[in-house]
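Peer 1: Encoded as structure tokens, here's the structure I'll be asking about.
The values are calculated or read from the model by the stated rules, or taken from the named source; none is laboratory data. Predicted model, so just to flag it, every value in this text is computed and none were measured. When we count neighbours, we look across all protein chains shown, and the Cβ atoms used for this are built from the backbone with ideal geometry, even at glycine. What goes into the accessible areas is simple: the full protein's heavy atoms, side chains included, and nothing from ligands, DNA or RNA. Shrake-Rupley method; radii C 1.70, N 1.55, O 1.52, S 1.80 Å.
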Amino acid sequence: MTSETITTHPGSFIDGAPHENRGAPIALVNPATGQVFAEVPGATAADVDTAVSCAQRAFADWSALGTAQRGEILGRAVAHAEEHVDELVRLLVREQGKTIRDARIEIPKALDTLTHYVGLSKALRGAHTPMLAPGVDGYVLRRPLGVVGAIVPWNFPTTLLANKLAPALVAGNAVVAKPAGTTPLTTLRLAELLGEGGLPAGLFNVVSGPGASVGEAMVTHPGIRKIAFTGSTPVGEHIAALAAKGTKRVTLELGGSDPMIICDDADVTAAASAAAMGRYYNCGQACLAIKRVYVFDSVADEVIEAITGKAKRLKVGPGDAEGVQLGPLHTARQRDEVADQVERTLALGGELTAGGSAPDDPELADGFFYLPTVVVDPPAGCPMETEEVFGPALPIWRVRDFDEAIERANASPFGLGSSVWTRSLARARQAAERIEAGYTWINSRTKVYDELPFGGWKSSGYGKEHGEEAFDYYTESKSVVVAGRE
Ligand code: NAD
């Protein structure tokens, strides 16, 4: 194997320019080859402080603009970034490991989300209550918070950031963002491109580095008024506890273990296809993904055969290779964790019908690959049912009826997404009412829409992203009473 050329990057983007971090270098590893391809110094608390000061300065002018003016400026910046989609796709494939096909979904989707909020900047209206008393009216004023800290994981570095950046900027805030320590490059380039496109300096700053130091420096910084966090549940809970001091606002988009219920009256072919797509997309490293399937006994064999067949046919390989449908996992640790969850589950019972190991192709031996895996009918309460499986491994259970399916779907600490496949309107309505989760897809693949609010229940977090609702989490509201009588 040829070795990679190691490049360097200053590591942060502050006040409209690259900024040389003062911390120790972090080696970035290509997940498809296991080789280091870049070294990037991590930020320190002092770098975070510089970013926050610049953001505070930029906030003063930005928040004084009209909302539609802010939208127009952001719209022009996004149009410039759109001319560089291919470059962003290549960077993302390299540092994250995803396939070109998945990166070509992610980058345009991130830019679309920004554009969606550019559109909303002209449509926002408020609440007005006339005649609270004779000659007295009330209205609700919304003001931006100030500097917002956005902390995101490595699985979708750009879309998860855009979900925060777009409403935050349009509402008049300035942002300091922290990508995962292992995926800084696409985010840094995106910040540069938005700056070239005319986004004023200091509004979108990026500090990169490890979560425990850089992330905590953000969470505890008195100049940051709100933390918008996407990541794992334990880290989210830790951040919420830290943010309590200073009553910092927090939104938490955390882990999930989304159930899919397939009823006996479902379009079984479509359901199986959605399950495979929902589980193996992005190599299973998605918060919203089909992570548990509960299928009615009478159609179970058909569903299991279809999903197993799809899992076995998926082409596994480096993300930038022709025709590859499933890339490597992001890190060796991530791959080993999934393998461990599958092994601990199979030790308790269940039948392995696909995968269950790394591929035996010697060409892939140095990358972090794991075959698409299916485990049928492991015991209830096994690790693949109670833990979040963040990789390409799907457990499937046969269930007696609808009530058992709903009960099992809800027997999870998480409540992010869920789906049900049925031709019965009554069952579909009941599923939407009874499943404890922030999204329920009915006869639909697990696609997220900018128009609809998205956020978890239970241990999957709180607060909403997407939709007009997102603005509520980037503004403070004030009730104003106007007495106009002499
Ligand atoms: P993680 O919680 O380890 O890290 C997420 C981010 O937080 C990274 O930028 C990391 O550097 C930072 N971080 C880590 N420790 C920190 C600390 N002490 N203080 C401040 N910041 C800290 O998550 P991960 O393993 O990188 O990502 C996978 C997890 O993210 C999964 O659980 C997945 O379900 C979840 N996720 C949720 C959503 C959602 O919208 N609900 C979307 C994608 C991923």
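Peer 1: Quick check on the chain: helices-only [θ] at 222 nm, where DSSP H runs of length 4 and up contribute -39,500 (n - 2.57) each and the sum goes over total residues. Nearest 500, please.
Peer 2: Dividing the helical sum by the residues of the chain leaves -11500 deg cm²/dmol.
Peer 1: Calculate, axis by axis, the spread of Cα positions in the chain along the three principal axes, and write the results as whole Å, longest axis first.
Peer 2: 76, 64, 40
Peer 1: While we're looking at this one, here's another question. Give the accessible area for TRP421 in Å² (nearest 10); use a 1.4 Å probe, count only protein heavy atoms, and leave out ligands, DNA and RNA.
Peer 2: 20 Å²
Peer 1: On to the next question. Would you please put 237-248, 286-297, 474-485 in order of how densely packed they are, using the mean number of other Cβ atoms within 10 angstrom per residue and starting with the highest? Don't skip to the answer; put the middle values down first.
Peer 2: Numbers: 237-248: 15.2, 286-297: 24.8, 474-485: 12.4.
Highest-to-lowest ranking by the protection proxy: 286-297, 237-248, 474-485.
Peer 1: Please compute the length gained on full extension between ASP267 and ASP377, using 0.36 nm multiplied by the number of residues separating them and subtracting their Cα-Cα distance.
Peer 2: Length difference between fully extended and current span is 37.4 nm.
Peer 1: Still on this structure: Once R0 is set to 60 Å, what does the formula 1/(1 + (r/R0)^6) return for the Cβ-Cβ distance between LYS109 and ARG485, expressed as a FRET efficiency to the nearest 0.05?
Peer 2: 0.70
Peer 1: Another question about this same structure. Relative contact order for the range 346-452: what percent, with Cα pairs under 8 Å and sequence separation of 6 or more?
Peer 2: Working: 129 pairs, mean separation 20.3, N = 107.
This gives 19 percent for the range 346-452.
Peer 1: I'd like the distance separating the alpha-carbon centroids of the range 364-428 and the range 43-73, in whole Å.
Peer 2: The range 364-428 and the range 43-73 have Cα centres separated by 42 Å.
Peer 1: Here's a follow-up. Pairs of Cα atoms under 8 Å, at least six residues apart: use those to get the relative contact order of the chain, whole percent.
Peer 2: Values: 1152 pairs, mean separation 86.7, N = 486.
In percent, rounded to a whole number, it is 18.
Peer 1: Using 16 Å as the cut-off for backbone N distance, which residues of the range 184-202 belong to the label zone defined by a point 7 Å from the Cα of ALA79 along Cα→Cβ?
Peer 2: Counting only backbone N, you get 194-200.
Peer 1: Between GLU196 and ALA365, with labels modelled 7 Å along Cα→Cβ, what's the label distance in nm to one decimal, could you check?
Peer 2: A separation of 4.1 nm, rounded to one decimal place.
Peer 1: Let me ask you something else. Please report, in debye to the nearest 20, how large the charge dipole of the chain is about its Cα centre when each Lys and Arg carries +1 at its beta carbon and each Asp and Glu carries -1 there.
Peer 2: 1280 debye
Peer 1: A follow-up question, please. Could you check how much of the accessible area of the range 258-449 is carbon and sulfur, as a whole percent, using a 1.4 Å probe?
Peer 2: Roughly 48 percent, rounded to a whole number.
Peer 1: Can you tell me the length gained on complete extension of the stretch VAL36 to ALA411, counting 0.36 nm per residue apart and subtracting the Cα distance?
Peer 2: 130.9 nm
Peer 1: Assuming R0 = 51 Å, can you tell me the calculated FRET efficiency for the pair LEU124 and ARG101, based on Cβ-Cβ distance, to the nearest 0.05?
Peer 2: 0.90
Peer 1: With 22 Å as the limit, write out which pairs from LYS164/LYS447; LYS226/LYS291; LYS226/LYS464; LYS122/LYS164; LYS178/LYS248; LYS98/LYS226 have Cα-Cα distances beyond it, or answer none.
Peer 2: LYS226/LYS291; LYS98/LYS226
Peer 1: Given Cα positions, please report Rg to Rh for the range 282-375, the hydrodynamic radius being the Kirkwood one. It would help to have the intermediate numbers written out before the result.
Peer 2: Values: Rg = 13.9 Å, Rh = 14.3 Å.
Radius of gyration relative to Kirkwood radius: 0.97.
Peer 1: Right, another one. Mind ordering 455-466, 118-129, 251-262 by average Cβ neighbours within 10 Å, highest first? Let's see the in-between values first.
Peer 2: Details: 455-466: 22.0, 118-129: 13.4, 251-262: 26.8.
By packing density, highest mean first, the sequence is 251-262, 455-466, 118-129.
Peer 1: So, one more: For helix 268-280, report the angle its Cα long axis makes with the longest principal axis of the Cα atoms of the chain; keep it between 0 and 90° and round to the nearest 10°.
Peer 2: 60 degrees
Peer 1: I'd like to check one number: the per residue accessible area of the chain, probe 1.4 Å, reported in Å² as a whole number.
Peer 2: Averaged over the residues of the chain, the accessible area is 40 Å².
Peer 1: Could you tell me what percent of the accessible area of the range 158-213 is made up of carbon and sulfur, with a 1.4 Å probe and every protein chain present?
Peer 2: Using a 1.4 Å probe with all protein chains present, the range 158-213 comes out at 64 percent carbon and sulfur.
Peer 1: Something else now. Let me know the Kirkwood hydrodynamic radius for the range 237-345, please, with Cα pairs as the basis and the value in Å to one decimal. Before the final figure, lay out the partial values.
Peer 2: Numbers: mean 1/r = 0.0607 Å⁻¹.
One over the average 1/r among Cα pairs gives 16.5 Å for the range 237-345.
Peer 1: Could I ask something else about it? Take the range 346-486, compute every pairwise Cα distance, and split them into 10 Å bins from 0; I just need the percent in each bin.
Peer 2: Reading upward from the zero bin: 9, 27, 29, 19, 9, 3, 2, 1, 0.
Peer 1: Note down the magnitude of the dipole of the range 258-449 about its Cα centre, charges +1 on Lys and Arg C-beta and -1 on Asp and Glu C-beta and zero elsewhere, to the nearest 20 debye.
Peer 2: Rounded to the nearest 20 debye, it is 520 debye.
Peer 1: Please state the relative contact order of the range 435-484 as a whole percent: Cα pairs under 8 Å, 6+ residues apart?
Peer 2: Computed value for the range 435-484: 27 percent relative contact order.
Peer 1: How many percent of Cα pairs in the range 1-58 exceed 14 Å?
Peer 2: 59 percent
Peer 1: What is the pair-distance distribution P(r) of the range 258-449, computed from all Cα-Cα distances in 5 Å bins starting at 0, with each bin given as a whole percent?
Peer 2: With a bin width of 5 Å, the distribution comes to 1, 9, 18, 22, 21, 15, 8, 4, 2, 0, 0.
Peer 1: Another question, then. Rounded to the nearest 0.05, what FRET efficiency is calculated for SER213 and SER444 with R0 set to 35 Å and r the Cβ-Cβ distance?
Peer 2: So, using R0 = 35 Å, E works out to roughly 0.25.
Peer 1: Next up: Once you place label points 7 Å from the Cα toward the Cβ at ALA321 and SER357, how far apart are they in nm?
Peer 2: That separation, rounded to one decimal, is 1.8 nm.
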